[in-house]
Amino acid sequence: MSVFCLLWIPLFFLFWSALVPYGVEVSGALAVILGSVTAILQFFFGNFIAGGAFGKERWINVFVDMVALPALLPLLVYALFLLLRIAKDPTGFGSFSLLWLAPSGILRTVQWGVENDPAKLLLIPVLWTSIVACASSFINLSLRKKTLAAAVCSTASIALIAPLATTAYWAFFSQIRLTRWVVLAGTLALLVCAVVISWLFPVKKTDGREIVQKDGVCNT
C-alpha cells in the first residue's frame, strides 16, 4: 500500500504526459518546489480544520485538508501563473498539478504508513489524480472546442469532481457501505471520461501556436 501511494502520482504523471504532451519549463520546476514546501508545512503543522468524529465536520476536514483542496490548489496557482505570464502553456494544468502533488505523495506515504491506514494510502492518491485529470482535461476541451456545450459540460464536471471525490473518501471513512462504492464509481467514471477526452482531443498550445497530435503525428 505504501508503495502504491509513493508511486501512483509519478506513474500517472508519465501516463498523463503521453496524453497531453508537456515541455517541463520554469513552471514545472516551480511546481515541484512549491509542492514540496506545501507538503512540508502541512506535515509539520497538521490540518487546518479539526476533523471531528463523523458528519459534516469530517466532510469539511476531508475536503480542505485531505482530498479536494490539495488537488485544487496547484490548479489555482497555475491559473495565476498564466495571468502573470510565468507559465505560457494554457494546457499545462494537469502536468503542473501532478508535479506539485508528487512531494505530497512521498511525505504522506511516511505519515499514513505509520498510521497504517489503507484507505488513505490507496484512495487519496487516486482521488487527487481524478480531480486533477478531470479539471485539466475539461479545461483543455474548452480550449479545443470553443462551444457553449463544451463550456457548460466542462464547468459542470469541474464543479462536480471535487465534492464527489471528497464524499467518496468520507463515505469510506464513515463506513457507509453502499454510498462509498457508488460515489467512488462515479469519481472513477469521471476520471475515465477525462482520460478518454484527453485521448480524443489531444492538443498543446505554446506561444500562441496550436499543435494537435493524433496517432503519433504532429500537425501545426
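The values are calculated or read from the model by the stated rules, or taken from the named source; none is laboratory data. Because the structure is predicted, anything quoted here is derived from the model rather than measured. Cβ sites come from the backbone with ideal geometry, for glycine too, and all protein chains shown count toward neighbours.
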Problem set entry | Filter result for D89 (farther than 18 Å from A29 by Cβ and either surrounded by fewer than 17 Cβ atoms within 10 Å (Cβ to Cβ) or of a type in the set (D, E) (or both)) | no
Problem set entry | Selected residue (criterion: modelled with the lowest pLDDT) from residues of region 190-209 that are surrounded by 15 or more Cβ atoms within 10 Å (Cβ to Cβ) and aliphatic (A, V, I, L, M) | V203
Seminar exercise, completed: Restricting attention to region 124-147, the residues that are polar (S, T, N, Q), assigned to a helix (DSSP H, G or I) and surrounded by fewer than 24 Cβ atoms within 10 Å (Cβ to Cβ) number exactly 1
Exercise. Name the helices (runs of 4 or more DSSP H) wholly within region 1-119 that hold at least 1 residues that are within 14 Å of the chain's Cα centre (by Cα)?
Worked result: 2-19, 26-45, 68-83, 93-115
Seminar exercise, completed: When every residue in region 173-189 that is in contact with a helix residue (DSSP H, G or I) (Cβ under 6 Å, 6 or more places away or on another chain), at pLDDT 80 or above and surrounded by fewer than 22 Cβ atoms within 10 Å (Cβ to Cβ) is compared, the one farthest from R58 (Cα to Cα) is G186
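Residues are listed down the side, and each one gets a yes or a no for (1) surrounded by fewer than 23 Cβ atoms within 10 Å (Cβ to Cβ); (2) basic (K, R):
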{"residue": "A31", "(1), (2)": "no, no"}
{"residue": "T38", "(1), (2)": "yes, no"}
{"residue": "E57", "(1), (2)": "yes, no"}
{"residue": "V64", "(1), (2)": "yes, no"}
{"residue": "Y78", "(1), (2)": "no, no"}
{"residue": "R85", "(1), (2)": "yes, yes"}
{"residue": "L98", "(1), (2)": "no, no"}
{"residue": "S104", "(1), (2)": "no, no"}
{"residue": "W112", "(1), (2)": "yes, no"}
